[in-house]
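Chemist: One structure follows; several queries about it will come next.
The values are calculated or read from the model by the stated rules, or taken from the named source; none is laboratory data. The model shown is predicted, which means the values in this text are computed figures rather than measured ones. Backbone-built Cβ (ideal geometry, glycine too); neighbour counts: all protein chains shown. Side chains are part of the model used for accessible areas, which takes the heavy atoms of the whole protein and leaves out ligands, DNA and RNA. Shrake-Rupley method; radii C 1.70, N 1.55, O 1.52, S 1.80 Å.
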Amino acid sequence: MTFDAPAPAPRRTVRIGEAAALAGTTPRAVRHYHQVGLLPEPERGPDDRRRYGYEDIVRLLWIRRMTEAGLSLDDVRSVLTADDSRTRQAVLEALDHDLAEKEAVIRRQREVLRRLRRADSDVGLLSPAVGEVLDRLGAGPLRPDELDALLVTERFLGPAQAALQAAGFGILSTDEALRAEQDRLDRAAEALTDPDAPEVGELAAQYLAHYQAMEEAERAAGIDHDLYEPPVDVDQETGRVRWPGMEEAMRLPSDVTPVQLRIAELVGALYGARLAEENGGSCGEHRPPERPAGSPGERCGETRPGPVPGG
């Protein structure tokens, strides 16, 4: 007959290392909980070291369980120090709301990553509207400067205008003739140095015809420009049109040349004159082509900058 040796009497307290191990954490974390007020300081033994009892270990276990559930240490403190059930419920409801917001942020981030992986280019970092337009057009890879332009447009004028701009870039990526014409015009504009040269006016007329051909190609491909009408503000007394975001966008540093600016102004003037002629001297319900970047504070029919060549 054999007898098991009697189990040793349980210790009433343990040191910090063993307390941390029993709770599944680290001594450093335990010390931090003391510092932030989550864990009361325990009594010290004859060796002046902290001694932890059963209740301390239980509190450490609760702290760890709450942090594993996603609660911050501040949240844990709020829950542990709640005076009554109603207060505790209010704290938990607030925490649940915060977690829901974080969850929504994570969902948006994952959606951006999915678009980025699907597009296999920086287009995936832009708004879904831009990607949808490019997908509808079956667009090929965009040029780096075109991606940069879309990012800037989205920042200052919003996703809708970026999507409309993307339609133009998408058409250029699929239509070799329009791409060749765009490149030819841009080279011609870069070669000019005098904004008052007669060739500038001729080039502006060619740009306008080119932009209108691009717009026709976009519409033929199923791009409804009315869906992307810019949110302009019209002063009822003066008739001045203000495009929110344009003022800030015009503060951007730029290497646009005087010739390119002059061409943009002339394109806007030519388009305005054509509209006035078509409508008996009144702009009516027509508006400038969505592609040209209109300037703030322009009246219907006044000279207004068109697109900046090469920009």
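Chemist: What is the number of the single condition among (1) in contact with a strand residue (DSSP E or B) (Cβ under 6 Å, 6 or more places away or on another chain); (2) part of a helix (DSSP H, G or I) that PRO42 does not meet?
Modeler: So PRO42 meets the others, but not (2).
Residues checked against (1) within 20 Å of ARG143 (Cβ to Cβ); (2) at pLDDT below 95; (3) hydroxyl-bearing (Ser, Thr, Tyr); (4) crowded, with 17+ Cβ neighbours inside 10 Å:
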residue: ALA163; (1), (2), (3), (4): yes, yes, no, yes
residue: ALA177; (1), (2), (3), (4): yes, no, no, no
residue: ARG219; (1), (2), (3), (4): no, yes, no, no
residue: ILE223; (1), (2), (3), (4): yes, yes, no, yes
residue: ASP226; (1), (2), (3), (4): no, yes, no, no
residue: ARG240; (1), (2), (3), (4): no, yes, no, no
residue: GLU248; (1), (2), (3), (4): no, yes, no, no
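Chemist: Out of the residues in region 84-109 that are over 29 Å from SER127 (Cα atoms) and acidic (Asp, Glu), which is farthest from the chain's Cα centre (by Cα)? Outline the logic, then answer.
Modeler: We begin by selecting, within region 84-109, every residue over 29 Å from SER127 (Cα atoms); these are 84-95.
Narrowing further to those that are acidic (Asp, Glu): 84, 93.
Working: ASP84: 42, GLU93: 29 Å.
In this case the residue turns out to be ASP84.
Chemist: Is there any pair linking a residue in region 34-60 that is in contact (Cβ under 8 Å) with a residue 24 or more places away in the chain to one that is of a type in the set (A, V, I, L, M) and not in a helix (DSSP H, G or I), with Cβ under 6 Å and at least six apart or on different chains, and which?
Modeler: Short answer, once both residue conditions are applied: TYR52/VAL14.
Chemist: Inspect region 97-106 for any residue being more than 30 Å from GLU132 (Cα to Cα), of a type in the set (A, V, I, L, M, F, W, C), open to solvent by 60 Å² or more (accessible area, probe 1.4 Å) and outside any helix (DSSP H, G or I) and give the result as yes or no.
Modeler: Here is the first cut: in region 97-106, the ones more than 30 Å from GLU132 (Cα to Cα) are 97-99.
Next, only the ones that are of a type in the set (A, V, I, L, M, F, W, C) stay: 99.
Filter once more, so that each one left must be open to solvent by 60 Å² or more (accessible area, probe 1.4 Å): 99.
When the remaining residues are screened for being outside any helix (DSSP H, G or I), the result is none.
No, the conditions are met nowhere in region 97-106.
Chemist: Right, here's the next one. Quick check, is LEU116 of a type in the set (A, V, I, L, M, F, W, C), open to solvent by 30 Å² or more (accessible area, probe 1.4 Å) and closer than 21 Å to PRO230 by Cβ?
Modeler: Working: of a type in the set (A, V, I, L, M, F, W, C): yes; open to solvent by 30 Å² or more (accessible area, probe 1.4 Å): yes; closer than 21 Å to PRO230 by Cβ: no.
No, not satisfied.
Chemist: Sort through GLY272, GLY284 and tell me the only one that's buried (at least 18 other Cβ atoms within 10 Å of the Cβ) and modelled with pLDDT under 80. Steps first, answer last, please.
Modeler: Working: GLY284 fails: buried (at least 18 other Cβ atoms within 10 Å of the Cβ).
Criteria check complete, one pass: GLY272.
Chemist: Sticking with this one: Considering only region 48-78, how many residues are hydroxyl-bearing (Ser, Thr, Tyr) and under 27 Å from GLU93 (Cα atoms)?
Modeler: Of region 48-78, the ones hydroxyl-bearing (Ser, Thr, Tyr) are 52, 54, 67, 72, 78.
After this cut, where a residue has to be under 27 Å from GLU93 (Cα atoms) as well, the list is 67, 72, 78.
Matching residues across region 48-78 total 3.
Chemist: Of all the residues that make up region 32-60, how many are surrounded by 14 or more Cβ atoms within 10 Å (Cβ to Cβ) and of a type outside the set (Ser, Thr, Tyr)?
Modeler: If we filter region 32-60 for residues that are surrounded by 14 or more Cβ atoms within 10 Å (Cβ to Cβ), which is where we start, we get 32-34, 38-39, 42, 50-53, 56-57, 59-60.
Now narrow it down to the ones that are of a type outside the set (Ser, Thr, Tyr): 32, 34, 38-39, 42, 50-51, 53, 56-57, 59-60.
Qualifying residue count, region 32-60: 12.
Chemist: Kindly list, by first and then second residue, each pair from a residue in region 252-273 that is among the aromatic types (Phe, Trp, Tyr) to a residue that is part of a helix (DSSP H, G or I), limited to pairs with Cβ atoms under 8 Å and residues at least 6 apart or on different chains.
Modeler: What qualifies is TYR271/LEU208.
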